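Remarks on the structure that follows.
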């Protein structure tokens, strides 16, 4: 009879192989370097309302990670974890919102522990923590993870609490910790996958020359023209910033690549360092090909679409770089900044396109001062989409939302007939320094005749003068750019503005006297004596006195539409008649009974935790943890935890059977 212990050994080997295979096959969907010593990985799942994280931090002390509503520590939701003597200590904590001294701001352990530890260990250099939580834990102390821009807070310390202490003052002097904050899309983050080995990909780098930066606080727009390096049609499948652009302290604001129509002015700039964009005659370059903004890591197109690079139609491309001078006089040149484009001769199913929707950058976009909430909207009317879009419509798969310094919320609203559909995208926690493409969960159909509204909300409470629309960071903008397929060539920009009479009447201006130019026109005010220059009046006019009247008239009255049909056309129209407005569901998802676990002060043993690889730091053979060594993967996020539990249950059952037999 075969030895039962041999059977047991074979079963153990098979189970170990199965477990290792599952770990090796797992991959993280997203990653971000929060600092040179702090790497964050995450994926949605395993359940539809779950998200799984992993922290890889160069420290043997404690590690902190969490979320803030506004970038401040007060009210923050976070975890604190560390490894000590073969134990993982992992605690769901929060920071009091009430003001107080430094001791009061130390994170407190939550009564309800809503983060589930999956893995924890350390080697000679790094600490690794893997955990998951619900997108909305329904805990008052936890911040829901939504489609909005999330303010991620992170920290680490070279020391750790003693024996898992959780009381006040248990953390080592946290004023000495390394910490920071980073805005991220956690739910609608664009894919960052490089082209796979099965796809032929070439690289085209568009670099700026050495250009003197602007004075502190001033703005520079630099334009450089490039000639397409191919002789037949290719598809752009990914773009990313060049390495020099990634620094968080750089004065670079955004880089936009446009298609250009062939002209002598455009050809004359090829091979030159370029020029300031407002010098000379404007170039015929309007269709957006790629767009990078601070905080973005680039964008990969979906497998079914690529942006067409066709030398027979558009051979020249304009790289526009927006740079702001550092206020600390620590400016550098923009040399080396630009974009890296990946393109392939293997054409994908659809040509992709970009459409810009919003308010045309212009002084008629007026934001009153000292207001906590000012709403502006730009329209792409049904007549425009009816003329431009194909009968089957377009499929929008990603959007980027843009404001300048005082923008707080942006929504791309969608109207069909007289009914408003759910918004295509919304961000209620916008960060002006982090505006990159967000990937929609599924491509959204926009039909010819649909009306699109880019709606922006601003907070001008800290400004004492009127803010006007424009291109500089001191002015404001409201634009949403959408990536879609199949591409149509009739409509690239669809912007609107309040009509001049609407603006004047909203401000209480009854009469505009002709002069040599608009800037020199004299006005007569309903509540001031006449004689003010229009622009001077804007800088000192106490618009907050008539704010409600101004906002109502500016939004619902007549406005001009600017759109591109083989040139720029204009028409006047009115706000759409929406008889069925969209109402967001406010159903309470947190009515189920909850339970509480107090802090896990005793720690969690590491005996049943899987291993993991730390990029850039080899796993130590002598580790303070008891995690087994071996070939490991970057992630577990795409493996349902139920699989791990099932393996454990199977192992228990299979190992118990031979033991019973032996007994």
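Derivation of every value follows stated rules applied to the coordinates shown; laboratory data play no part. From a predicted model like this one, the values you see are computed outputs, not experimental measurements. Positions of Cβ are generated from backbone atoms using ideal geometry, with glycine treated the same way; all protein chains shown enter the neighbour counts.
Full extension of the chain segment joining residue 200 with residue 215 gains 1.0 nm, where the gain is 0.36 nm per residue of separation less the Cα-Cα distance. With a Förster radius of 22 Å applied to the C-beta separation of residue 445 and residue 575, the computed FRET efficiency comes to 0.40.
The slack in the chain from residue 372 to residue 312, taken as 0.36 nm per residue of separation less the alpha-carbon distance, amounts to 16.6 nm.
How high is the FRET efficiency between residue 433 and residue 96 when r is their beta carbon distance and R₀ equals 30 Å, given to the nearest 0.05?
Values: r = 27 Å, r/R0 = 0.91.
With a Förster radius of 30 Å, E is 0.65.
In this label model, residue 27 and residue 192 are separated by 1.5 nm, measuring between points 7 Å along each Cα→Cβ vector.
Semi-axes of the equivalent ellipsoid for the range 208-349, please: Cα gyration tensor eigenvalues, times 5, square-rooted, ordered largest first, whole Å. Write down the numbers at each step before the final one.
Working: eigenvalues 146, 75, 22 Å².
One finds semi-axes of 27, 19, 11 Å for the range 208-349.
Taking 0.36 nm per residue of separation and subtracting the Cα-Cα distance, full extension of the segment from residue 232 to residue 279 would add 13.7 nm. Given R0 = 56 Å, the distance between the Cβ atoms of residue 85 and residue 138 translates into a calculated FRET efficiency of 0.95.
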